[in-house]
2 protein chains.
Amino acid sequence: MKHAVTYKLLKTDERSKARRGRVHTPHGDIETPVFMPVGTAATVKAMRPEQVKELGAQIILSNTYHLYLRPGHEIVKEAGGLHKFMNWDRAILTDSGGFQVFSLGDLRKIKEEGVEFRSHIDGSKHFFTPEKSMEVQNALGSDIMMAFDECAPYPADRAYVKNSLERTTRWLARCKEAHKNVEQQSLFGIMQGGMYKDLRYESAMQIVEMDLPGYSIGGLSVGEPKELMYEVLDYCVDYLPKEKPRYLMGVGSPDCLFEGVERGVDMFDCVLPTRIARNGTAMTSMGRVVIKNAAYERDFSPLDPNCDCYTCRNYSKAYLRHLFKSNEILSAMLLTNHNLHFLVHTMENIRNSIEEGRFLEYKKEFFDAYGKF
Amino acid sequence: MKHAVTYKLLKTDERSKARRGRVHTPHGDIETPVFMPVGTAATVKAMRPEQVKELGAQIILSNTYHLYLRPGHEIVKEAGGLHKFMNWDRAILTDSGGFQVFSLGDLRKIKEEGVEFRSHIDGSKHFFTPEKSMEVQNALGSDIMMAFDECAPYPADRAYVKNSLERTTRWLARCKEAHKNVEQQSLFGIMQGGMYKDLRYESAMQIVEMDLPGYSIGGLSVGEPKELMYEVLDYCVDYLPKEKPRYLMGVGSPDCLFEGVERGVDMFDCVLPTRIARNGTAMTSMGRVVIKNAAYERDFSPLDPNCDCYTCRNYSKAYLRHLFKSNEILSAMLLTNHNLHFLVHTMENIRNSIEEGRFLEYKKEFFDAYGKF
């Protein structure tokens, strides 16, 4: 079957599972490994879309649950799709809404058919199913659509996780069946199985059989220790086909990016860089900078002397501190720009290091400079 | 005496007092009449400075009171001055701090020497004098500095207003004496006199005698009806010298700009366009648009079909409504950009209409389309 989204493996590192690849989408090619900025409500918070492009982002993630509730997927469809609605002409990946719906806790009820939930905005009642998730994502017109899955919490007992992964597989088959726009959009499957090796294997075998254009590793970064996440990644990436892209959902701290790439992951997304930016924290080549600290009151140097982003070229820490303390919107704008630039460029450096056969050396250099996470 | 800031009168309208002129400053020439966006805390809220330039702003206003309190004028001076601190290389006008200090109400006490007040941020005690205002503005390095005046409230009795305008004159003499950087910065005087014609005349005669490079009309737009403001403008502009620029402080609604220009005013500033933008209101060629209105839910046309600003070129009302309702920062960014563009371009159209001898015709066209204010 011909997919709208395809993957080409360009090179695999000799001393790790790190890989250089390229994902082709109807809205342009994506060099991998890649970090995808998050634009939850059809906007990467505090950024104009061309600024997101300028800093080198190749693809962004947007959220099905949020757009379904507000403004409503029919409105986005009438606007000409999400790309046109939000003025972003590069690739878009949408999640399935599953993770947000499950995060609602008491506000939702899981059945075999789907999930009943109440809106966090106005308390209205909704019912999400694999078919509904596909309908919404087809209306949004994202390049990569995610399957509607159940993400088991951590910790969760074996019976729960097994039950949940098997339902996820059944839902994936329904998603594949319901997906109406295979010419323009591609559906990625999601592996579940919690922290259980045999269940990860079971999940992988079931979803890989469906020959989807890409696979995500779900159910990680849900509260477990990082070491446990790395341990699970160590084996479960091997269960996925080499010729398809692998996406680790919701992971974006610099250390996790390196550890994920080392274990063969191609795609990452996370709200971390944009969220901590709004809280006044910058990621720099020398570690985190908490801009409100008194130490920066008269510090007229840039956030990161090794950064050539718009923020670092034009503004001092003293100015950024002033903006943050004054609750100025420009503070969020400038720190978001810097943090996204930092992660996107770190990922570019990672790609170069894989091409040049020095990924592990680059990882060590980066960690030595960045310090404690 | 040679001033850093000079004015050239290019043309006066034959059927009104509207004038085309040019203000020369150490940071570039300003075509007048001009609208000056406000950047209270060393940032035009929700805008990168080059975006403010791109939409055609020639000069911005920043606030002495706010910068004195936070981050502190010594820090701005150490940073290399306000232009460098905030990354704005065009002209800057700073107010004197007087208006903000007087607005503190119970938190301040007026004496002949100056005004004692408590910070609105932390309640700390401060004393502002004409000398202090000059010291702060010299540290900021603005191109145009405003005199430290007392702006009488409306309504105010004659004795209060007379006393206040005479103190303003004495304070102006102290400002002129205290101003330490005449080579690079120019001090403008401020006319007071409330709504009393003879007191306006008295104030004008006293300040014009000091041969300053520009004069402001203070004490208007302080709560009086617009008709009364126009009536006062009708006579008091004539008391100011033709060869100096005239600045009407704190005025920026489209109707007031036209009425002010018609009465011979050259410079205006106001927080209105940026403030209402953050509250979801746009100024357009067809009147105000309150973006949250349900009417725009599926309106995929731009805010203003006659506008070529970044916002109108790229986004629909439906998208802007979605952003506003979702409390997204991009909403403030896009609406601020549009509103500033609208006022700056309306002023450009006003300048062209004066040059072409059709100012009154343009005013009528604008009002007919804009509707009720």
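Does residue A:122 fit the bill of being within 14 Å of another protein chain (Cβ to nearest Cβ) and more than 20 Å from residue A:62 (Cβ to Cβ)?
When the stated conditions are applied, residue A:122 passes them.
Taking into account only those residues within the range A:70-95 that are of a type in the set (Asp, Glu) and within 21 Å of the chain's Cα centre (by Cα), which is nearest to residue A:27 (Cα to Cα)?
Top of the filtered list is A:89.
Here are the criteria: (1) at pLDDT 95 or above; (2) out of contact with any Phe, Trp or Tyr (no Cβ under 9 Å at 6 or more places or on another chain); (3) farther than 30 Å from residue A:78 by Cα. Tell me which single one residue B:366 does not satisfy.
(2)
Going residue by residue through the range B:183-195, is there one that turns out to be touching an Asp or Glu at 6+ places or on another chain (Cβ under 7 Å), of a type in the set (A, V, I, L, M, F, W, C) and touching a residue at least 40 places away in the same chain (Cβ under 8 Å)?
yes
Only one of these conditions is not met by residue A:254: (1) open to solvent by 40 Å² or more (accessible area, probe 1.4 Å); (2) away from chain B (no Cβ under 14 Å). Which number is it?
(1)
Look at residue A:182 and say whether it is among the β-branched types (Val, Ile, Thr), outside any helix (DSSP H, G or I) and at pLDDT 95 or above. Outline the logic, then answer.
Numbers: among the β-branched types (Val, Ile, Thr): yes; outside any helix (DSSP H, G or I): yes; at pLDDT 95 or above: yes.
Yes.
Which residues, counting only those in the range B:242-300, are within 13 Å of residue B:340 (Cβ to Cβ) and among the acidic types (Asp, Glu)?
B:269 - this is the single residue of the range B:242-300 that is within 13 Å of residue B:340 (Cβ to Cβ) and among the acidic types (Asp, Glu).
Quick check: is even one residue across the range B:16-30 surrounded by 23 or more Cβ atoms within 10 Å (Cβ to Cβ), closer than 30 Å to residue B:313 by Cα and among the small types (Gly, Ala, Ser)?
no
In contact with a Leu (Cβ under 8 Å, 6 or more places away or on another chain), touching a residue at least 40 places away in the same chain (Cβ under 8 Å), under 23 Å from residue A:160 (Cα atoms) and not acidic (Asp, Glu) - does that describe any residue in the range A:229-241?
Scanning the range A:229-241 turns up no residue that is in contact with a Leu (Cβ under 8 Å, 6 or more places away or on another chain), touching a residue at least 40 places away in the same chain (Cβ under 8 Å), under 23 Å from residue A:160 (Cα atoms) and not acidic (Asp, Glu).
Suppose the filter is closer than 21 Å to residue A:30 by Cβ, modelled with pLDDT of 95 or more and touching a helix residue (DSSP H, G or I) at 6+ places or on another chain (Cβ under 7 Å); does residue A:274 pass it?
yes
Exactly one of (1) over 26 Å from residue B:196 (Cβ atoms); (2) open to solvent by 10 Å² or more (accessible area, probe 1.4 Å) is unmet by residue B:246. Its number?
With (1) over 26 Å from residue B:196 (Cβ atoms); (2) open to solvent by 10 Å² or more (accessible area, probe 1.4 Å) applied to residue B:246, the lone miss is (1).
Somewhere in the range A:115-134, is a residue of a type outside the set (Val, Ile, Thr), without any contact (Cβ under 8 Å) to a residue 24 or more places away in the chain, touching a His at 6+ places or on another chain (Cβ under 8 Å) and open to solvent by 80 Å² or more (accessible area, probe 1.4 Å)?
yes
Could you check, for the range B:222-239, whether at least one of its residues is more than 21 Å from the chain's Cα centre (by Cα), in a loop (DSSP other than H, G, I, E, B) and surrounded by fewer than 16 Cβ atoms within 10 Å (Cβ to Cβ)?
No, the range B:222-239 contains no residue that is more than 21 Å from the chain's Cα centre (by Cα), in a loop (DSSP other than H, G, I, E, B) and surrounded by fewer than 16 Cβ atoms within 10 Å (Cβ to Cβ).
The values are calculated or read from the model by the stated rules, or taken from the named source; none is laboratory data. Being a predicted model, the structure only gives us computed values, none of them experimental. Note: ideal-geometry Cβ built from the backbone for every residue, glycine included; neighbour counts use all protein chains shown. SASA here: full protein model, heavy atoms, side chains in, ligands and nucleic acids out. Shrake-Rupley method; radii C 1.70, N 1.55, O 1.52, S 1.80 Å.
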